[in-house]
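> Sharing a structure with you now.
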Amino acid sequence: MRYIVRRVGQSILTVLSVVVLTFLLVRAMPGGPVDYLRAKLMQSRTGNQISMSELRSLAADYMNIHPGEPIWMQLWYYVSSLAQGDLGRSIWYGEPVADIILQSAPWTLFLLTTSIILTFAIGIVLGAAMAYKEGSWFDTTSTVVSMFLNSVPYFIAALLFVYVISIQFSLLPASGNVASGLEASFSVAYIGSIIKHATLPILSLVITGFGGISLGMRGNAIKEIGEEYIRVAHLRGVSGRRIATRYVGRNAVLPLYTQFMISIGFMFGGSVVLEQIFAYPGLGYYLLTAINARDYPLMMGIFITITVAVVLCILFADLTYSKVDPRVSTGSGESY
């Protein structure tokens with residue numbers, strides 16, 4: 001129990017630290033929401049009738065801060081509003097940040113969850129097969145292909161897929177999350193459209209990600225195959241299939257468990273560029289839009305959402321690893 005309390009406390013401290021650091025860094029960026037509002041209002045008929053003080057007051061209302069106060073007091077006001085679930089209003093979209101996050105987060109979660117599951121499933125199966133056929137042409141070819149694909153940036157693969165599959169052959173849509181004109185429902189047409197629009201982004205992450213997992217699984221499996229208990233199992237007449245699945249496979253997968261959770265953080269970071277390439281309306285797409293528009297409230301809200309998601313995944317992995325692998329004890333140190 002003491003270990004759980006300590007880990008939860010560390011996670012809360014991590015989130016608070018990220019909130020403070022992000023708050024300060026965002027406000028250190030050149031330009032700001034006032035500049036954007038001034039440029040936007042100058043294009044309207046009433047632009048010349050609004051003073052700079054009114055613009056600052058309007059931006060402050062959106063950001064839940066008091067511009068006349070010191071920076072640490074502004075931070076306190078923001079954290080106080082955050083504790084009440086108020087993330088402010090987006091300056092660019094004019095909507096509550098919480099509403100934008102609730103609308104976009106499911107699309108990013110769908111994209112990343114599917115990509116991570118497929119990446120690890122393909123990588124684990126391929127890596128196990130490579131280990132059992134160590135030294136064969138299959139192992140050699142798969143190793144070379146895995147290393148090559150793992151070295152290709154996901155955004156390069158995304159651009160290539162857009163050009164070849166979408167533009168040249170028109171097989172799959174190049175942007176959006178669902179066909180225009182379709183209303184949200186559980187119909188075959190709507191679900192099929194979602195899958196078609198998500199195929200290329202998912203394929204970009206899976207193709208460039210499973211190679212690293214397969215190489216890691218191969219190394220773990222080869223190490224387990226050489227252990228003494230495997231030789232003893234063979235001498236006792238245990239079937240090869242049971243040894244492969246219950247002994248080698250199970251123990252070789254365990255070191256990848258934490259990597260599985262941590263990879264969610266990397267996927268969230270990758271979603272920023274990926275969703276921009278495919279104009280996919282997820283958290284990454286809105287985050288980049290907020291950065292370009294200096295939309296502080298939306299930037300802060302998405303940064304905090306991603307941070308909380310990553311910290312929760314790592315915390316979950318840390319607290320459950322001893323359940324997955326009983327040989328690990330959490331009483332005196334980290335679980336991995």
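> Would you be able to say whether some residue in region 187-203 is open to solvent by 80 Å² or more (accessible area, probe 1.4 Å), of a type in the set (S, T, N, Q) and either over 21 Å from Leu109 (Cβ atoms) or in contact with an Asp or Glu (Cβ under 7 Å, 6 or more places away or on another chain) (or both)?
no
> Can I ask one more? Within region 239-261, can one find any residue that is more than 16 Å from Leu126 (Cα to Cα), open to solvent by less than 20 Å² (accessible area, probe 1.4 Å) and at pLDDT below 75?
Looking through region 239-261, at least one residue is more than 16 Å from Leu126 (Cα to Cα), open to solvent by less than 20 Å² (accessible area, probe 1.4 Å) and at pLDDT below 75.
> Any chance you could count how many residues in region 157-168 are farther than 10 Å from Ile277 by Cβ and open to solvent by 80 Å² or more (accessible area, probe 1.4 Å)?
4
> Something else about it: Could you list, in sequence order, the residues of region 274-283 that are surrounded by 16 or more Cβ atoms within 10 Å (Cβ to Cβ) and either outside any helix (DSSP H, G or I) or of a type outside the set (D, E, K, R) (or both)?
Of the residues in region 274-283, the ones surrounded by 16 or more Cβ atoms within 10 Å (Cβ to Cβ) are 274-278, 280-283.
Scanning region 274-283 gives Leu274, Gln276, Ile277, Phe278, Tyr280, Pro281, Gly282, Leu283.
> Here's another thing I want to ask about it. Does any residue of region 167-187 turn out to be part of a helix (DSSP H, G or I), under 26 Å from the mean Cα position of the chain (by Cα) and at pLDDT below 95?
no
> Another one. All but one of (1) open to solvent by less than 10 Å² (accessible area, probe 1.4 Å); (2) modelled with pLDDT under 90; (3) in a helix (DSSP H, G or I) hold for Ser335; state the number of the condition that does not hold.
Single failed check for Ser335: (3).
> Moving to a separate point now. For the subset of region 92-129 comprising residues that are among the hydroxyl-bearing types (Ser, Thr, Tyr) and crowded, with 22+ Cβ neighbours inside 10 Å, which member is nearest to the chain's Cα centre (by Cα)?
Restricting attention to region 92-129, the residues satisfying the condition of being among the hydroxyl-bearing types (Ser, Thr, Tyr) are 93, 104, 108, 113-115, 119.
So of that shortlist, the ones also crowded, with 22+ Cβ neighbours inside 10 Å come out as 104, 108, 115, 119.
Values: Ser104: 13, Thr108: 8, Ser115: 10, Thr119: 14 Å.
Only one residue fits best here, namely Thr108.
> Given the criterion farther than 27 Å from Leu109 by Cα and modelled with pLDDT of 90 or more, identify the matching residue among Val144, Val232.
Checking each option against the conditions leaves just Val144.
> Please give the number of the condition Gly181 fails out of (1) open to solvent by less than 40 Å² (accessible area, probe 1.4 Å); (2) more than 24 Å from Pro153 (Cβ to Cβ).
In the conditions (1) open to solvent by less than 40 Å² (accessible area, probe 1.4 Å); (2) more than 24 Å from Pro153 (Cβ to Cβ), Gly181 misses (1) alone.
> Would you pick out the residues in region 215-263 that are in a loop (DSSP other than H, G, I, E, B) and more than 13 Å from Ala131 (Cα to Cα)?
Hits for region 215-263 are Glu227, Arg236, Gly237, Val238, Ser239.
The values are calculated or read from the model by the stated rules, or taken from the named source; none is laboratory data. Given the structure is predicted, the values throughout are model-derived calculations rather than measurements. Here the Cβ is made from the backbone with ideal geometry for all residues, glycine too, and neighbour counts use every protein chain on show. Heads up: the accessible areas ignore ligands, DNA and RNA and are worked out on the full protein's heavy atoms, side chains in. Shrake-Rupley method; radii C 1.70, N 1.55, O 1.52, S 1.80 Å.
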